[in-house]
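**Student:** Please find one structure pasted underneath; my questions will follow.
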Amino acid sequence: ARGCLTALGLDEALFAGILGNDCYAEPKPHEAAFEAALHAAGLTLAEAHRAVLIEDSVKNARAAVALGMRSVLVTQTAERPSTPQERDEVAHHVIGRVSRAELDALNLGLY
């Protein structure tokens, strides 16, 4: 996860919690993975609405939204193209690629 941020030119200090697949007992989209991410950010499952998942997988975004998290779906790096209906179902916001400018434009209150 940190390598992705570096490659994108994003400072990891922008995020309260950064977890890669090696940090989970079970990978996304399992609830335990999202609970671990929330915990790393100092949040409980009841506070999931305060968290934002930036994700390129519709499956993972759907699971996060079901827990109450907000989601930003990234389409340019997606494992497979999402349909407009899927984007409407799982994404609070849709961006082409992750960049500081894209995140700033969303005004998510992340930093």
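The values are calculated or read from the model by the stated rules, or taken from the named source; none is laboratory data. On a predicted model such as this, the values are computed, not experimentally measured, just so you know. All Cβ positions, even for glycine, are placed from backbone atoms using ideal geometry, and neighbour counts span all protein chains on display.
**Student:** Could you tell me which residue of the stretch 6-15 is surrounded by the fewest Cβ atoms within 10 Å (Cβ to Cβ), considering only residues that are modelled with pLDDT of 75 or more and in a helix (DSSP H, G or I)?
**Tutor:** Residue satisfying both the conditions and the ranking: Ala13.
**Student:** While we're looking at this one, here's another question. Could you count how many residues in the stretch 28-68 are of a type in the set (Lys, Arg) and over 22 Å from Gly109 (Cα atoms)?
**Tutor:** Here the count works out to 2.
**Student:** Would you check if Leu43 is on the phi < 0 side of the Ramachandran plot and touching a residue at least 60 places away in the same chain (Cβ under 8 Å)?
**Tutor:** no
**Student:** Let me ask something else. Looking at the stretch 54-99 only, could you name the residues that are of a type in the set (Gly, Ala, Ser) and in contact (Cβ under 8 Å) with a residue 24 or more places away in the chain?
**Tutor:** Result: Ser57, Ala61, Ala63, Ala64, Ser82, Ala91, Ser99.
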